[in-house]
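One structure is given here, and the rest of the page talks about it.
The values are calculated or read from the model by the stated rules, or taken from the named source; none is laboratory data. Every value quoted in this text rests on a predicted model; they were computed, and no experiment measured them. Please note: Cβ atoms are built from the backbone with ideal geometry, for glycine as well, and neighbour counts cover all protein chains shown. Heads up: the accessible areas ignore ligands, DNA and RNA and are worked out on the full protein's heavy atoms, side chains in. Shrake-Rupley method; radii C 1.70, N 1.55, O 1.52, S 1.80 Å.
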Amino acid sequence: MFSSSQEEHCAPSKDPVKYGELVVLGYNGSLPNGDRGRRKSRFALLKRTKANGVKPSTVHILNTPQDSKAVNCKGQHSISYTLSRHQTVVVEYSHDKDTDMFQIGRSTENPIDFVVTDTVAGGQDGEETQITQSTISRFACRVVCERNPPYTARIYAAGFDSSKNIFLGEKAAKWKNPDGHMDGLTTNGVLVMHPKGGFMEESKPGVWREISVCGDVYTLRETRSAQTPGKLVENESNVLQDGSLVDLCGATLLWRTAEGLFHTPTQKHLEALRQEINAARPQCPVGLNTLAFPSMQRSRALSSLEDKQPWVYLACGHVHGYHNWGHRSEREPNTQRECPMCRVVGPYVPLWLGCEPAFYVDTGAPTHAFVPCGHVCSEKSVKYWSEIPLPHGTHAFHAACPFCATQLGPSQGWSKLIFQGPVD
């Protein structure tokens, strides 16, 4: 089956070079109300027709606000480090013909290529939850890709605003490095984790680090917005690898390289797996009615439950159709249900297919479900994500379902599904 997906990838095309894709964790293939313009669940970084990268050039030490205005009026990209009321260091950036720059943030202004808003765990019921106060920076970070092979992608904290400036005020964490160049951190920081061994089941979680405005790597601050930076990690870099995670304090992005995406299942492949399961006519072992996973489109939207929708007792993995008995709690009817097959008591939830191919570490059949949300994907994929600690709030970390961002169970992050075939 994988060969057909390879054919899909290998078809000759004149499309521009793809550096990679950024995919927001917590969305099952699209935003709840659909992808719109620069606001979407995944963003492809494609080689631009004309390079727009920039690199550091002239450094100015300014002592009056008028001096600062004079430098900023030149129309070049610049980073301003305010040391005191009377002193600002401005680093000008000049055009770099060898790189393309892509900017990510909450702002909808033109310099932002990929608009990202706060992810709400489990918030995929068709309504986009409004966040009263976002913790994602308006100009959160920038990814700079080399225009020539191997198309290396590097990440930096902060993005240039509409006046082509990055401004680090008096209260921002900033410093002068031993070699003399200025650097700093954004308010809530940009954290990066590179998995050890690439994006596959065998790989292990790396260590979460913070990336500076100039792309250096630091240990985490004591709290997310502390003014004192962590320690410089000299033997690590800001180069993104397949499977690298980028946390913007409110949303976490997965970086997939073009090479990595070549090995992921395609939408066609996932649809074929869905049809294969349904063609086996799994049955509810009690009601004996045939079960069927909803279409990929309905699964993405988490639309209303269907009559044939499979449900699962997460504690044991037995798959049933929906029925209304076995309650152990009147207040929360589906949190404590007794499985008719094995009498194990636990949550009883509907199953939904994981439709975002970038989250799969292999092309295996959807045989396992995340606990407690019920999103289904391959065994290797559930095991991989259940081991990955994702930033939560200002200092906590926990594993979560990549399809809906729901925190996984502390003792059991996934369940193996047990289907019953047709009796006839």
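Observations on the structure shown:
- Inter-residue pairs, beta-carbon under 8 Å, first over 27 Å from Val54 (Cβ atoms) and in the range 215-241, second among the β-branched types (Val, Ile, Thr) and open to solvent by less than 60 Å² (accessible area, probe 1.4 Å), 6+ apart: Thr219/Val233; Lys231/Thr219
- Filter pass, Cys214 being on the phi > 0 side of the Ramachandran plot, hydrophobic (A, V, I, L, M, F, W, C) and assigned to a loop (DSSP other than H, G, I, E, B): no
- Here Gly206 meets each of (1) surrounded by 16 or more Cβ atoms within 10 Å (Cβ to Cβ); (2) touching a residue at least 40 places away in the same chain (Cβ under 8 Å) with one exception, condition (2).
- Thr394 satisfies every condition listed in (1) open to solvent by less than 60 Å² (accessible area, probe 1.4 Å); (2) part of a loop (DSSP other than H, G, I, E, B); (3) not aromatic (Phe, Trp, Tyr) except (1).
- Residue count for the range 227-254 under the criterion of being open to solvent by less than 50 Å² (accessible area, probe 1.4 Å), assigned to a loop (DSSP other than H, G, I, E, B) and acidic (Asp, Glu): the result is 1.
- Looking only at the range 334-390, and only at residues there that are surrounded by 21 or more Cβ atoms within 10 Å (Cβ to Cβ) and among the charged types (D, E, K, R), the one that is nearest to Leu288 (Cα to Cα): Arg337
- Test: residue in the range 276-284 that is open to solvent by 40 Å² or more (accessible area, probe 1.4 Å) and among the basic types (Lys, Arg): yes
- The range 324-348 residues that are modelled with pLDDT of 70 or more, paired with ones that are exposed (fewer than 15 other Cβ atoms within 10 Å of the Cβ) and of a type in the set (Gly, Ala, Ser) (beta carbon under 8 Å, 6 or more apart): Thr335/Ser329; Gln336/Ser329
- The set of residues in the range 163-192 that are of a type in the set (S, T, N, Q), touching a residue at least 40 places away in the same chain (Cβ under 8 Å), assigned to a loop (DSSP other than H, G, I, E, B) and open to solvent by less than 70 Å² (accessible area, probe 1.4 Å) comprises Thr186, Asn188.
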